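Inspection log for the structure reproduced underneath, given as structure tokens.
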Amino acid sequence: PGSTSTKVAVFEGEDILASETLRHSAEEISKYSNTMEQLDFRKQAVLDFLEKSNVTAESLKAVFGRGGTLPPMEGGVYEVDDDLVNALVEYDEGHASSLGGIIAREIASITGIPAFIVDPVTTDELEDIARYSGIVEIERKSIFHALNQKAVARRAALSIGNKYEECNMIVVHLGGGISVGAHKHGRVVEVANALDGDGPFSPERSGGVPTSSLVKLCYSGKYSEAE
């Protein structure tokens, strides 16, 4: 799940049997006051895709979902259990990625197969110096499109005959949000926090804006904190 779409695919080994990007209009998304309210709507869209693709739940061996805004964690594969589902709900920061693991588990539970997430958006492999900002009270955080960045980096490394863990790369994700990451030997050691507005502007993010202008806007009396 992303801010404007749900991407879904069925694999047999490394072969794609079916795939589709399920687009969601702004009007459709605006019906829901928060991310978790979208769960049934997004899950049904995935189930409809499976039915249309003639893929039954019984034919699946595992289900993988996009990892959401969890506490900081190393990149990798994590099984979705009760604790992880509770954490996805508790730590959700209003981004659809938090639904990925929950949808995966609900579909997996139909036949009792395992569900996983991979490289969640709160993958944190920053070097210590990358956490510094110009204000002592504000520490830079690692929240970005880790799943896609790492997948593309691995593919790029393979294309030049190297392992991801042997390469240094700059990787850019272009979507509803944009994130730019520095990958050093298989770890993302510095990255723009795309969720909180770091980096360039994008279709769904303002990007970095002049700080004094933002402060004046916040104290203008025109808007609440949520607005």
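The values are calculated or read from the model by the stated rules, or taken from the named source; none is laboratory data. None of the values given here were measured: they were computed from a predicted structure. When we count neighbours, we look across all protein chains shown, and the Cβ atoms used for this are built from the backbone with ideal geometry, even at glycine. Side chains are part of the model used for accessible areas, which takes the heavy atoms of the whole protein and leaves out ligands, DNA and RNA. Shrake-Rupley method; radii C 1.70, N 1.55, O 1.52, S 1.80 Å.
Peptides 30-39, 102-111, 126-135 ranked from most to least packed by the mean count of surrounding Cβ atoms within 10 Å: 102-111, 30-39, 126-135. Packing order of peptides 75-82, 204-211, highest average first: 75-82, 204-211 (average count of other Cβ atoms within 10 Å over each peptide's residues). Rolling a 1.4 Å probe over the protein heavy atoms of region 42-140, with every protein chain left in place, gives an accessible area that is 52 percent carbon and sulfur. With all protein chains in place and a 1.4 Å probe, the accessible surface of region 163-227 carries 56 percent carbon and sulfur. Mean projection of the Cα convex hull over all viewing directions, computed for region 109-174: 7.6 nm². Look at the dipole of region 61-134 built from charges on Cβ: of Gly67, Gly94, Pro114, the Cα furthest out on the positive end belongs to Pro114. Its Cα centre serving as origin, the chain has a Cβ charge dipole (Lys and Arg +1, Asp and Glu -1) of approximately 700 debye. Basic side chains Lys and Arg get +1 at the Cβ, acidic Asp and Glu get -1 at the Cβ, and with that the dipole of region 106-203 about its Cα centre reaches some 400 debye. For Gly112, neighbours were defined as the other residues whose beta-carbon sits under 14 Å from its Cβ, and their charges (Lys and Arg +1, Asp and Glu -1) total -2.
Each of Leu158, Tyr219, Val136 was scored by the projection of its Cα onto the charge dipole of the chain, and the greatest displacement toward the positive side belongs to Leu158; charges sit on the C-beta of Lys, Arg, Asp and Glu.
Its DSSP H runs of at least 4 residues, each contributing -39,500 (n - 2.57), put the calculated 222 nm mean residue ellipticity of the chain at -7500 deg cm²/dmol, to the nearest 500. Each Lys and Arg adds +1 at its Cβ and each Asp and Glu adds -1 at its Cβ; summed about the Cα centre, region 1-68 shows a dipole of about 200 debye. Note down the net charge around Lys141, summing +1 for each Lys or Arg and -1 for each Asp or Glu among other residues with Cβ under 11 Å from its Cβ. Residues near Lys141 contribute -3 overall. Between the helical axis of 146-159 and the longest alpha-carbon principal axis of the chain there is an angle of about 70 degrees.
Excluding ligands, DNA and RNA, the accessible surface per residue across the chain is 60 Å² with a 1.4 Å probe. With K and R counted +1 and D and E -1, the other residues having a Cβ less than 15 Å from that of Arg42 yield a net charge of -1.
Structural descriptor for region 1-120: relative contact order 30 percent, calculated from alpha carbon pairs under 8 angstrom and at least 6 residues apart.
In degrees from 0 to 90, rounded to the nearest 10, what is the angle of the helix 39-52 Cα long axis to the longest principal axis of the chain? The answer is roughly 40 degrees.
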